[in-house]
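The values are calculated or read from the model by the stated rules, or taken from the named source; none is laboratory data. None of these values were measured; they are calculated from a predicted model. Because the Cβ atoms are built from the backbone with ideal geometry, glycine has one as well, and the counts that use them run over all protein chains shown. For accessibility, only protein heavy atoms count, side chains too; no ligands or nucleic acids. Shrake-Rupley method; radii C 1.70, N 1.55, O 1.52, S 1.80 Å.
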Amino acid sequence: MAAEAVFGLVGVLLGSVSTSVVAVYQVELVGRREREAREHERAEASRARRDAFQRESITALQDAVADMIKAVYAEQDRQLERMGETSGWPARLWETPTAVGWSDAEIRLQVARARVFDNDLRTLARETRTVARELVWAPTLDAAKQSNLLLDELYEQFNERVAQALRQLD
């Protein structure tokens with residue numbers, strides 16, 4: 001009978017220990033899953049904030065590029081009007097007043113470009129700015145026409161890349 005009592009006690013102790021081990025394991029497993037879920041939630045929230053920031057930055061860059069091109073076209077119209085009056089291409093000089101809207105658009109383009117992570121978009125925006133500047137400062141009508149064609153092509157490429165980048169953020 002003493003042996004049975006010892007075996008019974010050992011059985012109860014083994015049962016208690018195994019129940020305790022399983023309970024501790026369960027608590028740890030649940031805790032790990034909760035931590036992983038919180039980490040996943042934080043990562044999702046961080047990615048959502050980053051994506052929202054990029055959407056805002058990309059559209060700001062697109063607006064700045066569009067405004068720069070508007071300023072270029074307005075300046076080009078002014079130059080063509082002046083050419084009609086003087087029969088010669090009015091090449092810009094340092095003393096020529098800045099094209100209307102140019103400075104604002106250029107500054108906004110540079111600021112927005114710095115916030116965009118997509119290197120292709122950044123490069124296309126920089127190239128568009130360079131060609132726009134060449135067009136405004138074109139020494140001849142032929143040079144302006146050539147820059148105008150390149151500007152149209154770059155602007156089309158830029159807007160296509162904007163569309164791709166925004167689709168990737170959805």
One residue is enough: does segment 96-105 have a residue meeting the conditions touching a Ser or Thr at 6+ places or on another chain (Cβ under 9 Å) and in contact (Cβ under 8 Å) with a residue 24 or more places away in the chain? no
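How about segment 154-170: which of its residues are open to solvent by less than 100 Å² (accessible area, probe 1.4 Å) and not polar (S, T, N, Q)? First the steps, then the outcome.
As a first pass, look at segment 154-170 and keep what is open to solvent by less than 100 Å² (accessible area, probe 1.4 Å): 154-155, 157-166, 169.
If the condition is that a residue be open to solvent by less than 100 Å² (accessible area, probe 1.4 Å) and not polar (S, T, N, Q), then Leu154, Tyr155, Phe158, Glu160, Arg161, Val162, Ala163, Ala165, Leu166, Leu169 are the ones that fit.
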Out of (1) surrounded by 13 or more Cβ atoms within 10 Å (Cβ to Cβ); (2) more than 30 Å from Glu44 (Cβ to Cβ); (3) free of Cβ contacts under 8 Å to residues at least 60 places away in the same chain; (4) among the β-branched types (Val, Ile, Thr), the one Val111 does not meet is (2)
Among the candidates Glu56, Glu81, Glu95, single out the residue that is under 21 Å from Phe117 (Cβ atoms) and open to solvent by 60 Å² or more (accessible area, probe 1.4 Å). Glu56
Of the residues that make up segment 116-125, is at least one open to solvent by 50 Å² or more (accessible area, probe 1.4 Å), within 30 Å of Met83 (Cβ to Cβ) and not small (Gly, Ala, Ser)? no
